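Student: Starting off with a structure, shown below.
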Amino acid sequence: MTKLVTIGIPVYRRLGFLPHVLNIVSSQVYPDIELIVSDNGMNGSAVHDIVKKYYSRQIRFRQNSSTVGMSIHFNQIIHEASGEYFVLLADDDEISPNYVSELVTLLERHPRASVALSIQETIDETGITLRRSSEKVPEKLTGPDFIRAAWGTHEYGYESFSTFVGRTSNLVNYGGYPDFYKGTAFDDALIVKLCFDNFVVFSTRCTFRKRFSEVSDGYAMGIKELSRGLRDFLAFTESDPIIKAYAVSQCRQWKESKRYLVEMAWKTYYYRWISLYKKRLTPQEWVRAGFYMPFIPDYYRAVVQTFAHSVVDAALEKLEEHIPWAYKFYRTVHPKRVHDGQS
């Protein structure tokens, strides 16, 4: 007999992809799936009507009377799941038809594994593949080895951990999604907790497709909001009870893992600050935003270097405008180079 798998689809207010995602769940070859669609956007009957029209298998529909935070909403779905295994699938992402069957089989083969991951593709709004994770992954990694590969060496090319197959009991026992501002990096935090003292397993025979959009994925939030969410994540690495217990029992391994997680947090902020937010903010706002993160030596070294390059670039722009011959002479001696997004 197959074991029941719950797929949870949280919905806010962007409903355009929902029929497509429902068809994707309908196409799963795994026979025993419970689908929970949860409306957190006060959409009236709109979400229920779409579900009724496009999904004919076993379904549970729920609706919050008012909008709650992302972590609360996602955890509501987890607590209502009846399946032994659980998958959270965003209303605009995709999974291959064999996704559930492949990853459940993998977890059944590895009882000590708490997380199963597939190949990952990043797609644009139209579904065109932008990037793809490596197919040269081991079938199994320990938790610390996974953290090092995911956020340290980045050797397998994973960009998001929003969708995976996990054991529902583990998700509940580990507290589900932590309550970070705007849900920033809370999926990373959950998978970190799940993999301590456990294994992460991989299949290259199925695919998760993550849709990239500046309207979602946290790219639409303001830079102060991003810094607040990442501060929550950094505080989590110091205060979460499961992490604290692991840090006591596996001090050396946790010290290394924490270094990778802190680096992930500050680099997430830094690279958006020098690119996305530099386009959105005034020069004065952009300079102030460089100091919104807590004191992390590596981060502030990068910020100081970026400011120095920006000053040089501004001076060179003036030189090119007012004394072109001097600028050309300078460039013959110092050809253009790229400094973390600055030329």
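The values are calculated or read from the model by the stated rules, or taken from the named source; none is laboratory data. Please read all numbers here as calculations on a predicted model, not as lab measurements. Cβ sites come from the backbone with ideal geometry, for glycine too, and all protein chains shown count toward neighbours. For accessibility, only protein heavy atoms count, side chains too; no ligands or nucleic acids. Shrake-Rupley method; radii C 1.70, N 1.55, O 1.52, S 1.80 Å.
Student: Among the residues in the stretch 65-82, are any within 19 Å of Val201 (Cα to Cα), of a type outside the set (Val, Ile, Thr) and touching a strand residue (DSSP E or B) at 6+ places or on another chain (Cβ under 7 Å)? Show your work before the answer.
Tutor: The initial filter retains those residues of the stretch 65-82 that are within 19 Å of Val201 (Cα to Cα), namely none.
Within the stretch 65-82, none of the residues are within 19 Å of Val201 (Cα to Cα), of a type outside the set (Val, Ile, Thr) and touching a strand residue (DSSP E or B) at 6+ places or on another chain (Cβ under 7 Å).
Student: If you don't mind, there's one more thing I want to ask. Say we look at the stretch 144-153 and pick out the residues that are of a type outside the set (A, V, I, L, M) and open to solvent by less than 30 Å² (accessible area, probe 1.4 Å); which of these is nearest to Ala81 (Cα to Cα)? So that I can check it myself, show each step before the final result.
Tutor: Kept after step one, since they are of a type outside the set (A, V, I, L, M), are these residues of the stretch 144-153: 144-146, 148, 151-153.
If we keep only those that are open to solvent by less than 30 Å² (accessible area, probe 1.4 Å) as well, we get 144, 146, 151-152.
On the way: Pro144: 29, Phe146: 27, Trp151: 30, Gly152: 33 Å.
Once the filter is applied, the top-ranked residue is Phe146.
Student: Pull out all pairs, ordered by first then second residue, where Cβ-Cβ is under 9 Å, the residues are six or more apart or on different chains, the first lies in the stretch 296-317 and is within 18 Å of Ser227 (Cβ to Cβ), and the second is of a type in the set (Phe, Trp, Tyr) and open to solvent by 70 Å² or more (accessible area, probe 1.4 Å).
Tutor: Close Cβ pairs satisfying both conditions: Tyr300/Phe291; Val303/Phe291.
Student: Select from the stretch 154-192 the residues that are at positive phi and either in a helix (DSSP H, G or I) or open to solvent by 10 Å² or more (accessible area, probe 1.4 Å) (or both) and list them in ascending order. Lay out the reasoning, then the answer.
Tutor: Residues of the stretch 154-192 at positive phi: 154, 157, 175-176, 182-183, 185.
Matches in the stretch 154-192: His154, Gly157, Gly175, Lys182, Gly183, Ala185.
Student: Touching a Pro at 6+ places or on another chain (Cβ under 7 Å), modelled with pLDDT of 95 or more, closer than 17 Å to Gly143 by Cα and not hydrophobic (A, V, I, L, M, F, W, C) - does that describe any residue in the stretch 260-274?
Tutor: First, the residues of the stretch 260-274 that are touching a Pro at 6+ places or on another chain (Cβ under 7 Å): none.
The answer is no, given that none of the residues of the stretch 260-274 is touching a Pro at 6+ places or on another chain (Cβ under 7 Å), modelled with pLDDT of 95 or more, closer than 17 Å to Gly143 by Cα and not hydrophobic (A, V, I, L, M, F, W, C).
Student: Condition first: open to solvent by 70 Å² or more (accessible area, probe 1.4 Å) and within 12 Å of Lys193 (Cβ to Cβ). Now tell me which residues in the stretch 236-251 satisfy that.
Tutor: Pro241, Lys244
Student: Are there any pairs, at least 6 apart or on different chains, whose C-beta atoms fall under 6 Å, with the first in the stretch 25-42 and open to solvent by 10 Å² or more (accessible area, probe 1.4 Å) and the second assigned to a loop (DSSP other than H, G, I, E, B) and among the hydrophobic types (A, V, I, L, M, F, W, C), and if so, which?
Tutor: Once the first residue is open to solvent by 10 Å² or more (accessible area, probe 1.4 Å) and sits in the stretch 25-42, its partners that are assigned to a loop (DSSP other than H, G, I, E, B) and among the hydrophobic types (A, V, I, L, M, F, W, C) give Asp32/Leu4.
Student: Take Met221 and tell me if it is more than 18 Å from Ala302 (Cα to Cα) and either of a type outside the set (Lys, Arg) or in a helix (DSSP H, G or I) (or both). Let's see the steps before the verdict.
Tutor: Details: more than 18 Å from Ala302 (Cα to Cα): yes; either of a type outside the set (Lys, Arg) or in a helix (DSSP H, G or I) (or both): yes.
Against the criterion (more than 18 Å from Ala302 (Cα to Cα) and either of a type outside the set (Lys, Arg) or in a helix (DSSP H, G or I) (or both)), Met221 qualifies.
Student: Still on this structure: Kindly check whether there is at least one residue in the stretch 201-217 that is outside any strand (DSSP E or B), of a type in the set (Val, Ile, Thr), surrounded by 18 or more Cβ atoms within 10 Å (Cβ to Cβ) and at pLDDT 95 or above. Write out each step before concluding.
Tutor: Taking the stretch 201-217 first, the residues outside any strand (DSSP E or B) are 212-217.
If we keep only those that are of a type in the set (Val, Ile, Thr) too, we end up with 215.
From what's left, surrounded by 18 or more Cβ atoms within 10 Å (Cβ to Cβ): none.
Within the stretch 201-217, none of the residues are outside any strand (DSSP E or B), of a type in the set (Val, Ile, Thr), surrounded by 18 or more Cβ atoms within 10 Å (Cβ to Cβ) and at pLDDT 95 or above.
Student: Residues of the stretch 189-245 being without any contact (Cβ under 8 Å) to a residue 40 or more places away in the chain, among the hydrophobic types (A, V, I, L, M, F, W, C) and closer than 29 Å to Ala289 by Cβ, which ones?
Tutor: Of everything in the stretch 189-245, those that are without any contact (Cβ under 8 Å) to a residue 40 or more places away in the chain, among the hydrophobic types (A, V, I, L, M, F, W, C) and closer than 29 Å to Ala289 by Cβ turn out to be Leu190, Ala220, Met221, Ala235.
Student: Which of the helices (runs of 4 or more DSSP H) found entirely inside the stretch 44-128 contain at least 1 residues meeting this: surrounded by 15 or more Cβ atoms within 10 Å (Cβ to Cβ) and in contact with a helix residue (DSSP H, G or I) (Cβ under 8 Å, 6 or more places away or on another chain)?
Tutor: Filter on the stretch 44-128 gives 46-54, 70-80.
Student: Quick one: in the stretch 292-307, which of the residues that are part of a loop (DSSP other than H, G, I, E, B) and open to solvent by less than 70 Å² (accessible area, probe 1.4 Å) is farthest from Leu261 (Cα to Cα)? Talk me through it step by step, then tell me what you get.
Tutor: Within the stretch 292-307, the first condition is being part of a loop (DSSP other than H, G, I, E, B), and the residues that meet it are 292-296.
Still in the running and open to solvent by less than 70 Å² (accessible area, probe 1.4 Å): 292-294, 296.
Values: Tyr292: 18, Met293: 15, Pro294: 14, Ile296: 12 Å.
Across the stretch 292-307, the extreme among qualifying residues is Tyr292.
Student: Is it fair to say Leu141 is in a strand (DSSP E or B), in contact (Cβ under 8 Å) with a residue 40 or more places away in the chain and surrounded by 15 or more Cβ atoms within 10 Å (Cβ to Cβ)? Explain how you work it out, then say what you get.
Tutor: Values: in a strand (DSSP E or B): yes; in contact (Cβ under 8 Å) with a residue 40 or more places away in the chain: yes; surrounded by 15 or more Cβ atoms within 10 Å (Cβ to Cβ): yes.
In short, yes.
Student: Residues Phe17, Phe61: which one is in contact (Cβ under 8 Å) with a residue 60 or more places away in the chain, among the aromatic types (Phe, Trp, Tyr) and over 16 Å from Arg167 (Cα atoms)?
Tutor: Values: Phe61 fails: in contact (Cβ under 8 Å) with a residue 60 or more places away in the chain.
That would be Phe17, the only listed residue that is in contact (Cβ under 8 Å) with a residue 60 or more places away in the chain, among the aromatic types (Phe, Trp, Tyr) and over 16 Å from Arg167 (Cα atoms).
Student: State whether one or more residues within the stretch 269-291 are among the small types (Gly, Ala, Ser), open to solvent by 30 Å² or more (accessible area, probe 1.4 Å) and in a helix (DSSP H, G or I). Please lay out each step first, then the result.
Tutor: Restricting attention to the stretch 269-291, the residues satisfying the condition of being among the small types (Gly, Ala, Ser) are 275, 289-290.
In the following step, the residues that additionally are open to solvent by 30 Å² or more (accessible area, probe 1.4 Å) were identified as 275.
Add one more test, that the residue is in a helix (DSSP H, G or I), and what stays is none.
No - not one qualifying residue is present in the stretch 269-291.
Student: Can you work out which of the residues in the stretch 242-277 that are of a type outside the set (Gly, Ala, Ser) and over 22 Å from the mean Cα position of the chain (by Cα) is nearest to Ala149 (Cα to Cα)? Working first, answer last.
Tutor: Applying the first criterion (of a type outside the set (Gly, Ala, Ser)) to the stretch 242-277 yields 242-244, 246, 248, 250-256, 258-264, 266-274, 276-277.
From what is left, the residues that are over 22 Å from the mean Cα position of the chain (by Cα) are 244, 246, 248, 250-253, 255.
On the way: Lys244: 22, Tyr246: 19, Val248: 23, Gln250: 18, Cys251: 19, Arg252: 17, Gln253: 14, Lys255: 15 Å.
Checked the stretch 242-277; the qualifying residue nearest to Ala149 (Cα to Cα) is Gln253.
Student: Name the pairs whose Cβ atoms lie under 6 Å apart, with the first residue in the stretch 164-175 and farther than 10 Å from His79 by Cα, the second surrounded by 19 or more Cβ atoms within 10 Å (Cβ to Cβ) and among the β-branched types (Val, Ile, Thr), and 6 or more positions between them or separate chains?
Tutor: Going by the 6 Å Cβ cut-off, the qualifying pairs are Phe164/Val115; Val165/Val87; Gly166/Val115.
Student: Open to solvent by 30 Å² or more (accessible area, probe 1.4 Å), out of contact with any helix residue (DSSP H, G or I) (no Cβ under 9 Å at 6 or more places or on another chain) and not small (Gly, Ala, Ser): does that describe Lys136? Talk me through it step by step, then tell me what you get.
Tutor: Working: open to solvent by 30 Å² or more (accessible area, probe 1.4 Å): yes; out of contact with any helix residue (DSSP H, G or I) (no Cβ under 9 Å at 6 or more places or on another chain): yes; not small (Gly, Ala, Ser): yes.
When the stated conditions are applied, Lys136 passes them.
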